[in-house]
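Bear in mind that the values in this text are calculations on the coordinates, not laboratory data. Fair warning: this is a prediction, and the values are worked out from it, not measured in the lab. Here the Cβ positions follow ideal geometry from the backbone for every residue, glycine too, while neighbour counts run over all protein chains shown.
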Amino acid sequence: MFGLKWLESGEDKWQNFQTEAMPFSKDLYRVAMWLTRNQTEAEDLVQETMFQAMRSFHGYEMGTNCRAWLMTIMHNMNARRLRNLGKLTLVADTEDRIAETIAFEPSIPETITDDEVIEALSKVPQHYRDVLVLSDVEDFSYKEISTILNVPMGTVMSRLHRARKLLRLRLADYAKDFGFGENRQAAGN
Amino acid sequence: MQCRDFREISDSYLSDELLVETNHQVFQHMEHCSECRADFTARRKFREKMRSAVLNADEFQMSPTFLNRLNANLESAALSQKSWRRMFSGSGWLVPAMASLLIGFVVFGVAYFSYPGGNEVATTYKSMIQGLTEISMKAVGDHKDCALEKRPRWEAVSGTDYPEKAVFIEKVLMPLKAKFSDNVEMLNAHDCVYDGKLFTHVVLKDGARIVSVFIDNSGEIPVGESADDTITSDSNQGFQVASFHNKTQAVFVVSDLPETENIRIARTLSAVFSV
């Protein structure tokens, strides 16, 4: 109650961690797959995240938003991982420019398969996809996403807006393939 | 509100990220504009599709082997850490640190209890939380005894008239239909007593799921002067209970849905009840 978790025995600590944090490991894995696009790397990332979370568990207040707390740790771990691999890219200019200059939003095709949705989503640039997945798939609030990604809330909102536009463009490509998307030309593709 | 404005913010509406007043404007616009209603429905359906596509895709499922390994590794690491008893032995810094902490607690306690408003605020907050918890438990009992036990009866009489039908269609059913699915049905609305507690009970159905909305008009929870848009969530006997209050009412949403879904229902209703 008073935050004296360091007085707990290992058994108590494990019991609390198992109750509070472990149920979210599947959610972490799903997001880790979006971050890494590779099963082995996703498993490593989830494992590192859970170990880090257990080490920092004394700082977590029981009953608060454990899922968001774990997701924040995982994004920090991923940023560190990318820095170590020399893969951390801050901005993808081309996609930024495309997203900014789309003058309209193509309508959402009605006939589209789950695989096409996932493929379209995977083609959205990483920093847009991150917010889109956290918001529209994992159902985090804008405020929670702002904390998880350590960016201002305005940035979350603008990235989401652009991400949705880019996703619609990708989906319009599939619609065109089926012969019922008339909007692609207007998009300048 | 113009259609263009609506389309700019409809995704935020879908995510429950708008102010209560704006929610109301969006809702009003949708009632009168069939094109925007259709656009909103398309957005909602696509979001549901994207969600289910990811949640059900094989590549996003954690393998049971990895889960077992993760569990075993974490457990072994946790149990190998020093227990608190061992932490005390041989730690020269720990005794002075504990002494300082104890002094700190004593000083804080004296300051807190000598502050005239401190006790009062703490007591009011404590009684509010206790009140919410007690009524939440009764709401779960009522959900089981009334909504679930009498489900065949409610389904049989669904569509017939019941008291204040129009009010609950406007305040409960329509916002949920707009936000979630056209398939949401209201099976019944009635006054209901459980364990001495009187609720107005709205029974909703979406496919196989039954959701209860309990409205407490008794004013038994000291909710304070102003309305609060906080949603409180708890679980009890395997059911999720999300609650919120306005100036005069406390509302409890009870279901066996996942916690986030149950909270989303409460958040949608809180926007309407706060107006």
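Taking every residue in A:34-40 and counting other chain Cβ atoms within 10 Å of its Cβ, the average works out to 1. With a/c under 1.5 counting as rounded, go ahead and sort the range A:129-176 into rounded, prolate or oblate using the C-alpha gyration tensor (a ≥ b ≥ c being the square roots of the eigenvalues; past the cut-off, prolate if a/b is larger than b/c, else oblate). Verdict is prolate for the range A:129-176.
By the beta-carbon count within 10 Å of each Cβ, the least crowded to most crowded order of B:Ser63, B:Ser270, B:Ser233, fewest first, is B:Ser63, B:Ser233, B:Ser270. Between the listed residues B:Ala72, B:Phe27, B:Gln61, the Cα displaced farthest toward the positive end of the dipole of the range B:1-86, a dipole computed from Cβ unit charges relative to the Cα centre, is found at B:Ala72. With neighbour counts taken as other beta-carbon atoms within 10 Å, the residues B:Asp16, B:Asp216 rank, fewest first, as B:Asp16, B:Asp216. Ranking A:Phe140, A:Leu169, A:Asn150 by how far each Cα lies toward the positive end of the dipole of the range A:131-177 (charges on Cβ) leaves A:Leu169 at the top.
Could you calculate the FRET efficiency of B:His24 with B:Lys150 from 1/(1 + (r/R0)^6), where r is the beta carbon distance between them and R0 is 25 Å, rounded to 0.05? Plugging the Cβ-Cβ distance into 1/(1 + (r/R0)^6) gives 0.15. Footprinting exposure proxy ranking of B:Leu101, B:Leu176, fewest other C-beta atoms within 10 angstrom first, gives B:Leu101, B:Leu176.
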